[in-house]
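Contents: one structure, followed by commentary.
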Amino acid sequence: MRKILVTGALGQIGSELVFKLREVYGKENVVASGRRIKEGHEELIESGPFEIVNIQEEKQITDVVKKYNINTIINLAALLSAVGEKMPVRCWDVNMNGLYNILEVGRKEGCMIYNPSSIAAFGPSTPPDNTPQDTIQRPTTMYGVTKVAGELLCDYYHTKFGVDTRGVRFPGLISYQTLPGGGTTDYAVHIYYDALKNGEYTSFIGKGTQMDMMYMPDALDAIIDLMEADSDKLIHRNAFNVSAMSFAPEDLEASIKKFIPDFKLHYDVDPERQAIADTWPNSLDDSAAREEWGWDPKYDLDAMTKDMLDKLKVKLDL
Ligand code: SER
């Protein structure tokens with residue numbers, strides 16, 4: 001029986017993943033954790049076990065792993081790209097030293113470790129179109145540096161110590177429950193809120209900037225399906241390219257207009273986040289994930305737009 005610890009459980013992914021995991025594995029078998037309790041997450045915190053865990057303290061991770069007989073850790077505690085550029089030292093500390101502690105606990109206590117990587121693990125010298133699974137990775141952000149190093153460290157713990165490490169390179173994730181915490185792709189979330197509330201949105205990412213994206217239900221499947229995949233079939237176990245769609249702001253505008261015809265998109269480009277976006281791929285080749293563990297996303301751009309707008313209308317009481 002799987003006994004799962006989720007770190008960073010109150011973030012954009014965790015706040016939805018925990019509910020889904022509790023449905024699949026039973027609520028007592030999924031321990032949610034965060035560095036502190038955050039307002040607005042009462043339902044999650046009360047829906048099963050919750051513990052305060054700072055991944056920069058190995059003992060705090062070990063204590064919870066022992067208390068609940070945890071055998072799987074999904075490590076979602078991390079700083080994202082834009083915030084990481086503002087606080088590079090802290091980004092390294094949380095993303096790398098935190099991951100190192102998680103891997104050490106995995107090695108000592110015999111846990112599977114799921115650690116997501118990102119499209120940020122690529123850089124300006126990476127082939128940008130149909131970016132191959134195995135290619136040049138020379139990112140120019142601290143977040144990207146921690147993601148490449150994290151992929152390698154997870155590989156190392158697997159080959160050297162036999163820890164069952166797994167992960168995908170997530171693209172921009174779009175969801176309506178919890179806002180992302182300071183990424184470059186966040187415009188693709190904010191746009192839906194403003195479309196419904198104001199009928200217009202000002203994008204900090206410029207026209208023509210294409211990036212890979214995914215709707216949260218597919219991202220949750222990417223975590224659970226890879227976690228449950230047959231270990232023997234995984235060649236690229238720590239860093240699978242996964243994508244569901246690739247679009248630029250004007251493509252998102254066109255999709256929203258199908259549902260809100262008067263919607264208007266303006267641009268006020270943020271040079272820092274634009275510079276990051278310009279170093280990331282336009283579209284990923286995710287055939288390795290499809291072949292090795294059956295990756296098959298369900299939502300394309302219009303299906304996502306329809307669902308986001310329907311769900312947000314209810315959430316925002318519009
Ligand atoms: N969504 C993330 C970011 O923009 C990419 O991993 O930082």
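Assorted remarks:
- Taking every alpha-carbon pair under 8 Å whose residues sit at least 6 apart, the chain reaches a relative contact order of 18 percent.
- Relative protection proxy for 286-299, 202-215, from highest mean packing down: 202-215, 286-299 (other beta-carbon atoms within 10 angstrom).
- Each Cα pair under 8 Å and six or more residues apart adds its sequence gap; the mean of these over the residue count of the stretch 127-224 is a relative contact order of 25 percent.
- Extension gain, Ser231 to Arg36, is 66.8 nm, computed as 0.36 nm per intervening residue step minus the present C-alpha separation.
- Residues with amide H under 5 Å from that of Val31, placed H, sequence gap 5 or more: Ile4, Leu5, Val6
- When you filter the GluC sites (Glu not before Pro) in the stretch 17-107 for DSSP loop state and at most 16 other Cβ atoms inside 10 Å of their Cβ, you are left with Glu39, Glu57.
- For the stretch 45-167, the C-alpha radius of gyration divided by 2.2 N^0.38 Å, with N the number of residues, is 1.12.
- Here Lys257 is the anchor, and the lysines within straight C-alpha reach of less than 18 Å, apart from those fewer than 8 places off in the same chain, are Lys197, Lys207, Lys306, Lys311, Lys313.
- Projecting the Cα atoms of Met308, Tyr201, Ile276 onto the dipole axis of the stretch 174-314, where Lys and Arg carry +1 and Asp and Glu carry -1 at the beta carbon, places Tyr201 farthest toward the positive end.
- Expressed as a whole percent, the accessible area of the chain that falls on carbon and sulfur atoms is 50 (1.4 Å probe).
- Note, ³J(HN,Hα) from phi for the stretch 142-152, Karplus 6.51, -1.76, 1.60, rounded to Hz, x at Gly and Pro: 4, 4, x, 4, 5, 6, 5, 4, x, 4, 5
- Listed residues Val31, Ile70, Gly48: farthest to the positive end of the dipole of the stretch 1-79 (Cβ charges): Ile70
- Remark: the Met1-Lys258 segment gains 88.0 nm on full extension, using 0.36 nm per residue and subtracting the alpha carbon distance.
- For the stretch 11-27, backbone nitrogen atoms closer than 19 Å to the point 7 Å from Glu46 Cα along Cα-to-C-beta are found at 15-16, 18-20, 22-23, 27.
- Protection proxy ranking, highest mean first, for peptides 224-234, 154-164: 154-164, 224-234, where packing is the per-residue count of other beta-carbon atoms within 10 Å, averaged.
- Mean projected area (nm²) of the alpha-carbon convex hull when the stretch 136-259 is viewed from all directions: 9.3 nm²
- Over the stretch 195-277, the fraction of Cα-Cα pairs per 10 Å bin, rounded to whole percents and listed from the shortest bin up, is 15, 33, 29, 16, 7, 0.
- Working from the Cα coordinates of the stretch 131-176, the gyration tensor eigenvalues give, after taking √(5λ), semi-axes of 21, 15, 11 Å in decreasing order.
- With N the number of residues in the chain, Rg(Cα) / (2.2 N^0.38 Å) evaluates to 0.96.
- FRET efficiency for the pair Glu109 and Arg290, taken as 1/(1 + (r/R0)^6) with r the Cβ-Cβ distance and R0 = 30 Å, rounds to 0.40.
- Residues whose amide H lies under 5 Å from that of Ser203, counting only those 5 or more places away or on a different chain, are His266, Tyr267, Asp268; hydrogens are built 1.01 Å from N in the peptide plane.
- Given their separation in residues at 0.36 nm each and the Cα-Cα distance between them, Asp134 and Asp270 gain 45.9 nm when the chain is fully extended.
- For the chain, the per residue solvent-accessible surface stands at 42 Å², with DNA, RNA and ligands left out and a 1.4 Å probe.
- Between helix 98-109 and the chain: long-axis angle, C-alpha atoms, 0 to 90°, nearest 10: 40 degrees
- Helices in the chain, meaning DSSP H runs of at least 4 residues, each add -39500 (n - 2.57). Divided by all residues, the mean residue ellipticity at 222 nm is -12500 deg cm²/dmol.
The values are calculated or read from the model by the stated rules, or taken from the named source; none is laboratory data. In this text the structure is predicted, and so the values were computed from the model without any measurement. A quick note on method: Cβ atoms are made from the backbone with ideal geometry, for glycine too, and the neighbour counts reach across all protein chains shown. Surface areas here come from the heavy atoms of the whole protein model, side chains and all, with no ligands, DNA or RNA. Shrake-Rupley method; radii C 1.70, N 1.55, O 1.52, S 1.80 Å.
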